[in-house]
Each structure stands twice: as structure tokens, then as C-alpha cells.
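What follows is a single structure, written as C-alpha cells, with notes after it.
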Amino acid sequence: MADKKLIVVLGPTASGKTALAVELARRFGAPVLSADSRQVYRRMKIGTAYPTDEEMAAAPHHMVGVCDPTEEYSAGCYRQDAAAVLGELFKEHDKVVCVGGSGLYINALCGGLDDLPQVDPDLRESLTRRLESEGLGALCADLERLDPEFYAVVDKSNPRRVQRALEVCLQTGKTYSSLRKRDAGADPAGGGLFVPVKVGIRMPREELYARIDARVINMMEAGLEQEARELYPLRDCNALQTVGYRELFEYFDGTVTLRQAVEAIQRNTRRYAKRQITWFLKDKDTAWFAPGQVDEIVEFIESAPGAGQAR
RNA sequence: GGGAGAGUUCCAGAGUGGCCAAAUGGGGCAGACUGUAAAUCUGUUAGCGUAGCUUUCGGUGGUUCGAAUCCAUCCUCUCCCA
């Protein structure tokens, strides 16, 4: 059954995931599946560090630039779309390389996701408005009434969590907690079609931060400002709630100088990287390597009998 | 040369006799996170293993039971008149 391997390359932003993935894809003759919550959007090429044309040519990439920035995308959409793509790819290949920095998306693919509904945009809209006018306390009160079990454990100061739970309750008429009983990890997309082999890229924090700072400068030189300017009208879309664009939008608004905006991009990218590291380090199935250890990584992948073996 | 003002914990900036290891913001660090996830949220940030204790608010010396807060003096900086 599981001689199909999904090689998952993960790590913080700017750690060199794409380059490694392309190299692995080349060596294994495998296609690449992106697991990135921002690269799914078109027109965000520079700011989200799309693979270059050469990289795309060297290894076909899937799930990059598949929807418009005006669309609402989510981990659920990703799971569905990516599973369909994988189903096709594994017909032809034993190995597929998955690269991405979005931990939740990788989990959705490899670990599964409970069967929760996609939220109705109108419902979300109305709750968002209530949140603004009546405050988080009002939503919390509702959630406490509708789903006391989940209310007991939610982060009550996180509007996203409270709102989402409430949305699900209102939409399904069931409690969020009752729909969420399954163990995350019990249901990989594709139903056991493949075994994930997770490879993480790790490097000293200092080095990573230096790479981030340099990459932001490169993005600016590559025309990020222009790209952002074209997307400025879409600034309220979820797709644009993204490091690299938000900061430039403030510059366009005249709130900050260009220099301040660029520094903010660098800083926010470092923070983002830190959050990714925190997330990825929790997954004990990941084997960590330095960026240059390609041979070791290849060897590890080939010898890996399945998931859950390394650390 | 004369006059006015300021020096606070990583930074900015409150605090003007005890409730101050010192508000608040920023930055840093750590963490949480099952459909908005490059999002959202939390904790922490003088030292010592908590309690407690020790060293901080430009330097020094005073006043006081007690000082970041009052006095003297010194240093540095800013501004104004020359």
C-alpha cells in the first residue's frame, strides 16, 4: 500500500524550502505540490516568493497561483484541492514533493481535518459586524450558551477562535465541540494513499534572520512595490492580509515612509518565521537537516519506511 | 558669556516622598492555534531557583523612618539671548 511517499519539505520562510524541494524533485523525478496559504493566489508572485520560472520549469508545481486574490480560500479548500491533485499525481509517481510554510495546510493534508463546514460568507460577515459593534464579549456570551463545552476551552481573547466556533454552531445547529471530536491526524487526505515523510530545514536563528532581511531587499528590487500597488484596491481581501503587502499599503496611505515599510516587512517576516518554527517544532515526526545536506536528506527519504520514525 | 530646560529600566516615554523593579507603547524572547493561519491570540522582558532578598531611575554627597521623586554640587545634552 504505502510505497507512495509524500516528501514534505517544511521550515520557516526564507530557509530555502523551494530550492530544496526542486532539487529533491529533480533527483526523484517527482512533481511538486505547494502547501502555502499565500502562494495559492495569483498576482502575488514577488511578495509570496513564488518559485522562479526556472524552478517551475525544472519541476512542475501544483497549487501555486490557483485562485484569485478576491476569493476566499481556506485550509479546508486546500485539503480538498490538494487531495485531488495528489490522487492524480500518485497515479504516475511514487513520490511527490510537498513544500510549504503553512503548518495548518500541511496538517490538513497529512493529518486530516474534521468534517466541518465551510462558513457561509454572509454569516461570517454578520458576525464580524457584531464583533465590531458589540465586542468580543457578546460573541463569547453566545458561544457560552450554544456550546458550553467548547467555551470552556477556547481562547476567549482570540476573536478568530470564538467567531469560528460560533459560525459553525449557528450554521450547523450542532455544537462545534461535537463536530470536532476526531483526533487530528487520524484522517490524512487521500485516505492512506501515501505516507508522509517530513523533512525540516533548520539553521541558526541569526542566519535565518539575515536571509530574511536580504530576501526582503531582493523582493523590493524585483518590483514588490509595483506588485503591491496593483493589488492595493484589493487590500481588504483576505489574500492581502499578508506580510509584504500590508506594510506597503500603509506606505501608499502615507502613514509611513518607504523605508519604514520595508523595515516593517523584515520585522514581520522574522516574526512569522518564529511562529512557523514554534508550530513545526511541535511535530515530532519531522527530521531536521541543515540546508546543504541534500545527500543526507535523499538518503533519509529513501530509507524511511514510513511516517513517525525520525525526529 | 548670560538665561531656560532635560538626563528613568533594550528604545521611546510616564512617574514628582512610601501603594515603584517603576504606567504605557515599541522592540526582543517564549508560547497557543482543526477551514481568515504570511491570519489571530497569549505570556514574559534588572539579578538570584519562586516566597523573599539583592542591585537600578546621569555622578557624588546630603535631608528623611523612607527618595526615581526634596537639597547641594559635578558631568552631559537641548533650546534661547549674546
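The values are calculated or read from the model by the stated rules, or taken from the named source; none is laboratory data. Note that the coordinates shown come from a computational prediction; the quantities given were computed from them, not determined experimentally. In this analysis, Cβ positions are derived from the backbone assuming ideal geometry, glycine residues included, and neighbour counts consider all displayed protein chains. Only protein heavy atoms, including side chains, enter the accessible area calculation; ligands, DNA and RNA are left aside. Shrake-Rupley method; radii C 1.70, N 1.55, O 1.52, S 1.80 Å.
For A:LEU123, the stated conditions hold: it is in contact with a helix residue (DSSP H, G or I) (Cβ under 9 Å, 6 or more places away or on another chain), open to solvent by less than 40 Å² (accessible area, probe 1.4 Å) and more than 7 Å from RNA strand B (Cβ to nearest atom). The number of residues in region A:3-17 that are under 23 Å from A:GLU88 (Cα atoms), in contact with a strand residue (DSSP E or B) (Cβ under 6 Å, 6 or more places away or on another chain) and of a type outside the set (A, V, I, L, M, F, W, C) comes to 1. For region A:214-237, state whether one or more residues are under 29 Å from A:CYS98 (Cα atoms), touching a strand residue (DSSP E or B) at 6+ places or on another chain (Cβ under 8 Å) and modelled with pLDDT of 95 or more. So far as region A:214-237 goes, no, none of its residues is under 29 Å from A:CYS98 (Cα atoms), touching a strand residue (DSSP E or B) at 6+ places or on another chain (Cβ under 8 Å) and modelled with pLDDT of 95 or more.
Specify the residue that is nearest to RNA strand B (Cβ to nearest atom); the eligible residues are those in region A:20-56 that are under 12 Å from A:VAL97 (Cα atoms) and surrounded by fewer than 18 Cβ atoms within 10 Å (Cβ to Cβ). Step through it out loud before you land on a result.
Step one: of region A:20-56, the residues under 12 Å from A:VAL97 (Cα atoms) are A:20-35.
Now restrict to residues that are surrounded by fewer than 18 Cβ atoms within 10 Å (Cβ to Cβ): A:26-27, A:29.
Working: A:ARG26: 22, A:ARG27: 24, A:GLY29: 26 Å.
Taking the candidates together, the pick is A:ARG26.
Cβ-Cβ distances below 6 Å connect the following pairs, each with a first residue in region A:162-175 that is over 13 Å from A:ASP120 (Cβ atoms), a second residue that is at pLDDT 95 or above and acidic (Asp, Glu), and a separation of six or more residues or different chains: A:THR175/A:ASP147.
Listed here are the residues, each with its yes/no results for (1) farther than 30 Å from A:LEU86 by Cβ; (2) open to solvent by less than 50 Å² (accessible area, probe 1.4 Å).
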residue	(1), (2)
A:GLY100	no, yes
A:PRO117	no, yes
A:ARG129	yes, no
A:GLU132	yes, no
A:ALA138	yes, yes
A:LEU143	yes, yes
A:ASP147	yes, yes
A:ASP155	yes, no
A:ARG160	no, no
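If the Cβ limit is 6 Å and pairs must be 6+ apart or interchain, which residue in region A:267-281 that is more than 16 Å from A:SER37 (Cβ to Cβ) pairs with which residue that is part of a helix (DSSP H, G or I)? Partner pairs satisfying both residue conditions: A:ARG270/A:TYR209; A:ARG270/A:ILE212.
Every condition in (1) open to solvent by 10 Å² or more (accessible area, probe 1.4 Å); (2) modelled with pLDDT under 95 is met by A:ALA189 except one, and the failing one is (1). The condition of being open to solvent by 40 Å² or more (accessible area, probe 1.4 Å), within 20 Å of A:LEU208 (Cβ to Cβ) and more than 7 Å from RNA strand B (Cβ to nearest atom) holds for only one of A:TRP279, A:TRP288, that being A:TRP288. Within region A:57-78, being more than 9 Å from RNA strand B (Cβ to nearest atom), more than 18 Å from A:GLU225 (Cα to Cα) and surrounded by 16 or more Cβ atoms within 10 Å (Cβ to Cβ) holds for A:ALA59, A:HIS61, A:HIS62, A:MET63, A:VAL64, A:GLY65, A:VAL66.
I need a count of the residues in region A:91-119 that are more than 10 Å from RNA strand B (Cβ to nearest atom) and assigned to a loop (DSSP other than H, G, I, E, B).
Pass one, region A:91-119, residues more than 10 Å from RNA strand B (Cβ to nearest atom): A:91-99, A:109-110.
Remaining after also requiring assigned to a loop (DSSP other than H, G, I, E, B): A:93-94.
So the count comes out to 2.
Residues of region A:258-273 that are open to solvent by 80 Å² or more (accessible area, probe 1.4 Å) and either away from RNA strand B (no atom under 16 Å from the Cβ) or within 18 Å of the chain's Cα centre (by Cα) (or both): A:ARG271 alone.
Counting the residues of region A:205-226 that are part of a helix (DSSP H, G or I), farther than 11 Å from A:ARG270 by Cα and away from RNA strand B (no atom under 12 Å from the Cβ) gives 8.
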